[in-house]
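Let me begin by presenting the structure, written as structure tokens, before commenting on it.
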């Protein structure tokens, strides 16, 4: 899984990456600081079953901190997007090519309205962040439209003449953009368009299909960054009213410094906490202590600094994924080496058990016999739909 960090230049994408992943990618207060994409590994947080089961887990593919399971996810901070990017303006082509690999998008917006459309600095409050949301969605849809609409009439008539399923043709054309059969079928169903006669679709209908396909295949949340600047609060309320997607108030830079100080054991803080404790006040200057007081006020007002919440919302709400724990021994909840709750997988909610077996190893799916619920010890059939935090054993003939 890959989550893309998108937005116009100078909106705080790289600050978000650094805060989420503790990377040290270059940050500066001017446009196009990022040219090459910056990768990073962040973590989404769920309650680990270890406390419920009264066991001491030994994670292998993730972490467990005081009963919180931290599951790694990949982030990619790409070059900033400017109006006309789909036509190649700015670093548009590069941005959109990098974007094609993402399963979901976090759109980092300057909620304080302190940068214009090109990312140039303005006094806070002099730009409407809603414009940034509208233009970015337009750019992505136009980029996707360039691929979908290319020779539309020609291949639509060919599909109809040869009776080739519309979905098969679209999968072939769009697989390089991460579009799957499920995405395309869902978009057709939601738009209620006639997939047997695509040559009859109007320009508006083609646009509607593309818009729905983008929303399904590249779902997006809004990170309303820079909440430490006064105009942000009113702008965020406006965005929440006007937009039909999650809006997460965020101060990425403050989150980065809290995590940095926590690693140095100067403060006590866990990502996503609503407060922190200064352990070594002598390490801070008077000016820094004032800044820390201001961060405490932000935490009191918003409940968190938004970075961890944005990651969790993207994975668990936007992509509707759930954690599932495969084990070998249902008595001790361990693998063959005795490691308790060693692995956790993020899978689609309701995924059939046999399909999940294939994610562990293709032979498990091919030679599947049954599963076992490690909590209840009940046998599970191949069509059992996985639920959040299931612990299961796969029984296979090989």
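The values are calculated or read from the model by the stated rules, or taken from the named source; none is laboratory data. Quick caveat, the model's predicted, so the values are computed rather than measured. Don't worry about glycine lacking a Cβ; one is built from the backbone with ideal geometry, like all the others, and counts go over all protein chains shown.
Observations on the structure shown:
- Identity of the residue in the stretch 336-356, in a strand (DSSP E or B) and over 15 Å from residue 320 (Cβ atoms), that ends up farthest from the chain's Cα centre (by Cα): 340
- Screening 161, 195, 187 for residues that are touching a helix residue (DSSP H, G or I) at 6+ places or on another chain (Cβ under 6 Å), free of Cβ contacts under 8 Å to residues at least 60 places away in the same chain and either over 19 Å from residue 141 (Cβ atoms) or surrounded by fewer than 14 Cβ atoms within 10 Å (Cβ to Cβ) (or both) leaves exactly one candidate, 195.
- Any hit, the stretch 222-232, residues being in a helix (DSSP H, G or I) and either closer than 21 Å to residue 10 by Cβ or not assigned by TED's automatic domain parsing to the domain that holds residue 8 (or both): yes
- Options 214, 242: the member that is in contact with a strand residue (DSSP E or B) (Cβ under 9 Å, 6 or more places away or on another chain) and either touching a residue at least 60 places away in the same chain (Cβ under 8 Å) or in the same structural domain as residue 148 (by TED's automatic domain parsing) (or both): 214
- Residue count for the stretch 359-370, restricted to those that are surrounded by 17 or more Cβ atoms within 10 Å (Cβ to Cβ) and closer than 30 Å to residue 74 by Cα: 2
- Being assigned to a loop (DSSP other than H, G, I, E, B) and out of contact with any helix residue (DSSP H, G or I) (no Cβ under 8 Å at 6 or more places or on another chain) holds for only one residue in 119, 176, and it is 119.
- Of all residues making up the stretch 93-112, the number that are modelled with pLDDT under 95 and over 19 Å from the mean Cα position of the chain (by Cα): 2
- Number of the condition not met by residue 325 [criteria: (1) in a loop (DSSP other than H, G, I, E, B); (2) crowded, with 16+ Cβ neighbours inside 10 Å]: (1)
- Sole residue being surrounded by fewer than 13 Cβ atoms within 10 Å (Cβ to Cβ) and more than 23 Å from residue 15 (Cβ to Cβ), chosen from 383, 285, 334: 383
- Within the stretch 237-282, tally of residues that are within 16 Å of residue 111 (Cα to Cα), surrounded by 21 or more Cβ atoms within 10 Å (Cβ to Cβ) and more than 20 Å from the chain's Cα centre (by Cα): 1
- Top-ranked residue of the stretch 47-66 - restricted to ones that are closer than 21 Å to residue 314 by Cβ and surrounded by 20 or more Cβ atoms within 10 Å (Cβ to Cβ), ranked as modelled with the highest pLDDT: 48
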